[in-house]
Amino acid sequence: QAWIPQAGVPEGTVMNVLVAVDESPFSQAALEFAKQFPWPTDTRFQVVSACPPVWMGPGEAVSADAIGELNRQEQTLHQDIADRGALVLEQAEMNVKAVVLRGDPRPVLVDYARSWKADLIVMGSHGRSGVAKLMLGSVASHLVSHAPCSVLVVRRPS
């Protein structure tokens, strides 16, 4: 069943909505949209932050312990991001859980949306184009092309 924002969602529908977040203000726009949209009463939300592993470049002499510590710090950062996002929705009395995934955001978000049976992914857009998009990649573009469900990309108000 395709989700059409203009038509709303039929009452009695239980939806799984994945809100993908990072530390950017663009994620805040996605959370604000999720908080303000009139979802069916039993909608379930998961605020998800993807934590890529820390990699050292060739020739960088870093111990395995140091890499492990950097990975732990990244995990803590992403847990904080997901927890703060979930709190935004909790304060609006929504059924929400914070989740941290390990790995490149593009494939892990697609895989997680599939395994959780997400009906919709809500995410912000950094609005990159041209060379910046090519060099940095676009999680939003990847999800729009590969997600097993609809993807709503929220633009940050100017």
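Checking Phe33 against (1) among the hydrophobic types (A, V, I, L, M, F, W, C); (2) in contact with a Leu (Cβ under 9 Å, 6 or more places away or on another chain); (3) assigned to a helix (DSSP H, G or I); (4) more than 18 Å from Asp119 (Cα to Cα), which single condition isn't satisfied? Of (1) among the hydrophobic types (A, V, I, L, M, F, W, C); (2) in contact with a Leu (Cβ under 9 Å, 6 or more places away or on another chain); (3) assigned to a helix (DSSP H, G or I); (4) more than 18 Å from Asp119 (Cα to Cα), only one is false for Phe33: (4). In this entry, Ser49 passes the filter for residues that are in contact with an Asp or Glu (Cβ under 8 Å, 6 or more places away or on another chain) and surrounded by 14 or more Cβ atoms within 10 Å (Cβ to Cβ). Whenever a residue of region 44-55 is free of Cβ contacts under 8 Å to residues at least 40 places away in the same chain, its partners that are surrounded by fewer than 23 Cβ atoms within 10 Å (Cβ to Cβ), lying with C-beta atoms within less than 8 angstrom and at least six residues away or across chains, give the pairs Val54/Ile67; Val54/Leu70; Val54/Asn71; Val54/Glu74.
Scanning region 6-24 for residues that are modelled with pLDDT under 90 and either of a type in the set (A, V, I, L, M, F, W, C) or open to solvent by less than 60 Å² (accessible area, probe 1.4 Å) (or both) gives Ala7, Gly8, Val9, Thr13, Val14, Ser24. Just give me the residues in region 64-87 being in contact (Cβ under 8 Å) with a residue 60 or more places away in the chain and of a type in the set (A, V, I, L, M, F, W, C), in sequence order. Answer for region 64-87, where residues must be in contact (Cβ under 8 Å) with a residue 60 or more places away in the chain and of a type in the set (A, V, I, L, M, F, W, C): Ile81, Ala82.
The values are calculated or read from the model by the stated rules, or taken from the named source; none is laboratory data. In this text, all values refer to a predicted model and were calculated from it rather than measured experimentally. Positions of Cβ are generated from backbone atoms using ideal geometry, with glycine treated the same way; all protein chains shown enter the neighbour counts. Areas reflect the complete protein model, heavy atoms only, side chains present, ligands, DNA and RNA absent. Shrake-Rupley method; radii C 1.70, N 1.55, O 1.52, S 1.80 Å.
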